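Working notes, beginning with the structure itself.
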Amino acid sequence: MFVRPGAVHIASTTQGRDGLESVAFLNRDGSLALLVLNNRSAPATFTVRWHRSTLEATLPATSLATYTWMPKSN
């Protein structure tokens, strides 16, 4: 399970009808879950930024991906 019971919604984005949509959650254990939907008829490359960390990813056309991670402690 990526988004666990008790998770808090922390962000959402939409880029229009034919763009990328995303929603992010913070789980009770501190882990993060990001769901990204590519509504486009072509692959889409995007960058995820969380504090000083970044991830670049490419989603195939009309696909959904889930990314999870545990942020580093300060």
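Below, the figures for the structure above:
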| quantity | calculated |
| --- | --- |
| Qualifying chymotrypsin sites (Phe, Trp or Tyr not before Pro) for the chain [loop in DSSP, other Cβ within 10 Å: at most 15] | F2 |
| Cβ-Cβ FRET estimate between H9 and T58, R0 fixed at 22 Å, reported to 0.05 | 0.30 |
| Long-range HN-HN contacts of W69 with modeled amide H, under 5 Å | L32 |
| Extension gain (nm, one decimal) between H51 and T66, 0.36 nm per residue minus Cα-Cα | 3.5 nm |
| For the chain, built as a Gaussian network whose Cα springs stay under 10 Å, the top-fluctuating residue of L64, L35, L55 | L55 |
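Each reported figure results from applying straightforward, stated rules to the coordinates on display, with no laboratory input. Because the structure is a prediction, the values reported are computed rather than measured. In this analysis, Cβ positions are derived from the backbone assuming ideal geometry, glycine residues included, and neighbour counts consider all displayed protein chains.
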